[in-house]
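Single-structure report; data block below.
The values are calculated or read from the model by the stated rules, or taken from the named source; none is laboratory data. Please read all numbers here as calculations on a predicted model, not as lab measurements. All Cβ positions, even for glycine, are placed from backbone atoms using ideal geometry, and neighbour counts span all protein chains on display. We work out accessible area using only protein heavy atoms, side chains counted, and drop any ligands, DNA or RNA first. Shrake-Rupley method; radii C 1.70, N 1.55, O 1.52, S 1.80 Å.
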Amino acid sequence: MTILITAILDAGRSAVDIAIFTFLPLMIVTFSLMRYLESVSALRSIAGKVNPLFGLFGLDGLGVLSIIQLSLVSSAAPVAALTLMAHKRTSEKFMAAAFAAVLAAAPANASFPLASLGVDPGSIIINGICGALVASTLAGWIVGRRSLPGKISSCDRTDDHDVGRRDLLASINRGGADAIGVIAAILPMLVISLALVGLTQSTGALSAFTSVAQPLLQLLGASQQDVLFFLTKCLAGSSATVTLLLDAHKELSLPPEKIIHGSAFLLNPLDLPGLSILIASVPALRSVAGVAVFSALAGILVRTALLSWL
């Protein structure tokens with residue numbers, strides 16, 4: 001019981017620290033920027049230029065923005081674009097494509113820190129975008145077969161209560177309110193996922209698993225360290241995995257080539273925290289989660305194949 005209580009309390013402190021001091025400022029800025037661009041019809045102009053090209057990959061303008069936000073800001077940044085898509089009642093086809101693309105791409109908060117290990121973050125980000133386009137194409141095709149032709153976000157639709165939101169201050173206020181609402185939705189799932197990670201570590205379950213699975217690991221050519229990286233990624237996310245990689249590099253001097261080849265599986269939001277944050281923030285994603293996860297896995301496999309040729 002003591003271990004359980006300690007894990008919950010530690011997870012609560014960590015979750016509040018991450019949500020309030022990391023996610024909240026980032027989301028306030030991204031939501032405010034998106035709301036301002038929407039109010040001056042800049043999003044409509046962007047969408048009009050990218051739709052003819054990226055429409056081939058099942059993406060609309062906001063879907064493209066969500067990939068850019070993830071690749072250049074962080075794994076939490078696409079929440080702003082995905083939320084706008086949900087507010088505009090974008091069709092399931094484009095929601096699924098954008099969700100799948102986000103899950104298959106490489107987040108900036110996990111890619112850029114690897115530069116200290118001699119890894120080129122640009123190559124990882126480009127590889128992630130390639131996987132994202134594969135995932136979005138597959139998701140759009142699957143959903144498109146079972147539904148009516150999708151509606152592309154026009155990015156200029158405004159509600160009655162948005163008519164007065166035509167200046168920067170009003171956009172910041174609206175963006176801040178949106179960001180606080182998202183944090184309130186994220187926090188419970190963040191606490192639970194971090195508590196699971198803490199329990200796994202404190203009870204020795206991870207060490208026991210690697211010991212039991214040792215024959216299988218030898219057959220697959222995987223080490224206990226590889227399993228540790230993979231399980232940490234699934235339970236704690238890409239940022240925790242990068243932290244583990246940085247610590248391991250200090251002791252083992254991991255070659256950059258090995259890190260790059262493993263980045264496709266390790267650096268993406270397709271994990272417990274990533275899915276929890278995105279679905280809790282944008283409930284409209286629940287209806288397309290299955291298709292998005294399947295398509296994202298296909299995109300990650302393509303990323304792995306591309307990296308194997310390097």
Can you tell me which residue in the stretch 110-127 is most open to solvent (accessible area, probe 1.4 Å), limited to those that are part of a helix (DSSP H, G or I) and touching a Pro at 6+ places or on another chain (Cβ under 7 Å)?
Phe112
Give the residue that is most open to solvent (accessible area, probe 1.4 Å), with candidates limited to residues of the stretch 1-44 that are under 22 Å from the mean Cα position of the chain (by Cα) and β-branched (Val, Ile, Thr).
Val29
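Within the stretch 280-310, work out how many residues are within 23 Å of Val242 (Cβ to Cβ), open to solvent by 10 Å² or more (accessible area, probe 1.4 Å) and in a helix (DSSP H, G or I). Break it down into steps so the answer makes sense when it comes.
Taking the stretch 280-310 as the starting set, the residues that turn out to be within 23 Å of Val242 (Cβ to Cβ) are 280-281, 293, 296-297, 299-308, 310.
Those still in the list that are open to solvent by 10 Å² or more (accessible area, probe 1.4 Å) too: 280-281, 293, 297, 301-302, 304-306, 308, 310.
Now narrow it down to the ones that are in a helix (DSSP H, G or I): 280-281, 293, 297, 301-302, 304-306, 308.
Residues in the stretch 280-310 being within 23 Å of Val242 (Cβ to Cβ), open to solvent by 10 Å² or more (accessible area, probe 1.4 Å) and in a helix (DSSP H, G or I): 10 in total.
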Please work out which residue is farthest from the chain's Cα centre (by Cα), limiting yourself to the stretch 72-105 and to residues that are under 16 Å from Val29 (Cα atoms) and not in a loop (DSSP other than H, G, I, E, B).
Leu84
So the check is Cβ under 9 Å with 6+ separation or different chains; which pairs have a first residue in the stretch 177-191 that's open to solvent by 10 Å² or more (accessible area, probe 1.4 Å) and a second one that's modelled with pLDDT under 80 and charged (D, E, K, R)?
Asp178/Arg35
Scan the stretch 164-174 and tell me whether some residue there is of a type in the set (D, E, K, R) and either at pLDDT 75 or above or surrounded by 17 or more Cβ atoms within 10 Å (Cβ to Cβ) (or both).
yes
Among residues of the stretch 15-58, those that are at pLDDT 80 or above and polar (S, T, N, Q), counted:
1
When Ser74 is run through (1) farther than 23 Å from Asn268 by Cβ; (2) surrounded by 18 or more Cβ atoms within 10 Å (Cβ to Cβ), the failure sits at (1)
